[in-house]
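Worksheet: the structure to be examined is printed underneath.
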């Protein structure tokens, strides 16, 4: 079972390739394709979403059809879109998804919540059992997080032992219930040699039509810090 909930796909329109999410409105240009008039080779300019810079994929050595080009782009796009270990969404598209969901929530007067999830004492687990077992534990935890989410949620591995979840159409109280079930599920799971891991979760929510994604992120970040100070293996949601 793949941990991600919805697929990020791509489509070509002329010389530009757009990324989009299955059954979702968001779409942003990812690549620009240029064919050399002299050599006939295709050059693919990959737009760097994080800082609007550009980098180039290697030239595709074909001038007869686009088959090799499409395979190269598909492989590269999958590496951009998904975390290579857990196969949840990578952080590359996180801000675009988050901003779009915030706009939809404001437009339709709907709630929106956000979770920051961190695996407690994960370094100690890695040091004790090795990185291979640590990786296996992260894959397992990603799957358990997925199992506790509705299909309209967005699960992202933000790096290392950190995950983020965008929860549309739910206020912080409902998101707290979701997070608590996930937290309990992980704490009851046995890993190698009967070992256990726990997670801490900070919950933030949309409070005003003036809120940006940074505002909501900051609330969740403050709350996960409180969860860590409070002893870990818990969910914290506060009105900030």
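Among 213-220, 9-16, how do they line up from the highest to the lowest mean number of other beta-carbon atoms within 10 Å?
Details: 213-220: 19.0, 9-16: 12.4.
Packing order, densest peptide first, comes out as 213-220, 9-16.
With n ≥ 4 as the cut-off for DSSP H runs, can you work out [θ] at 222 nm for the chain, using -39500 (n - 2.57) per run divided by the number of residues, rounded to the nearest 500?
Numbers: 6 runs with 87 residues, N = 240.
Taking each H run of at least 4 residues, the total per residue is -12000 deg cm²/dmol.
Calculate how steeply helix 172-187 sits against the longest principal axis of the alpha-carbon atoms of the chain, using the helix alpha-carbon long axis, and give the answer as 0 to 90 degrees to the nearest 10.
It is inclined by approximately 80 degrees.
Could you rank the peptides 140-152, 163-175 by their average count of other C-beta atoms within 10 Å per residue, with the highest value first?
Top to bottom by mean Cβ count within 10 Å: 163-175, 140-152.
Compare 18, 129, 31 in a GNM of the chain, Cα atoms joined below 10 Å, and give the one with the largest fluctuation.
129
Once you sort the root eigenvalues of the Cα gyration tensor of the chain as a ≥ b ≥ c, which label holds: rounded (a/c under 1.5), prolate (a/b larger than b/c) or oblate (the other case)? Walk me through the intermediate numbers first.
Values: a/c = 2.62, a/b = 1.55, b/c = 1.69.
Oblate.
Taking only C-alpha pairs under 8 Å that are 6+ residues apart, what is the relative contact order of the chain in percent? Mind showing how you got there, number by number?
Values: 422 pairs, mean separation 40.2, N = 240.
Answer for the chain is 17 percent.
Can you compute the modelled spin-label distance between residue 152 and residue 99, with each label point 7 Å from Cα toward Cβ, in nm?
2.3 nm
Which angle between 0 and 90 degrees, to the nearest 10, do you get for helix 67-81 versus the longest principal axis of the chain when only C-alpha atoms count?
The two axes meet at around 20 degrees.
Tell me, in nm to one decimal, what length is gained between residue 39 and residue 128 on full extension, where the rule is 0.36 nm per residue of separation less the Cα-Cα distance?
Values: separation 89, 0.36 × 89 = 32.04 nm, distance 5.51 nm.
Separation in residues times 0.36 nm, less the Cα-Cα distance, equals 26.5 nm.
Mind telling me which of 157, 46, 124 comes out most flexible in a GNM of the chain, alpha-carbon contacts under 10 Å?
Its mean-square fluctuation being the largest, the pick is 124.
Taking the mean number of other Cβ atoms within 10 Å as a proxy for protection, how do you rank 82-89, 221-228 from highest to lowest?
On the way: 82-89: 20.4, 221-228: 18.8.
Per-residue mean Cβ counts within 10 Å order the peptides as 82-89, 221-228.
Cα axis of helix 94-107 to longest principal axis of the chain: angle in degrees, 0 to 90, nearest 10?
70 degrees
Each reported figure results from applying straightforward, stated rules to the coordinates on display, with no laboratory input. Every value quoted in this text rests on a predicted model; they were computed, and no experiment measured them. Here Cβ is always computed from backbone atoms with ideal geometry, including for glycine, and neighbour counts include all displayed protein chains.
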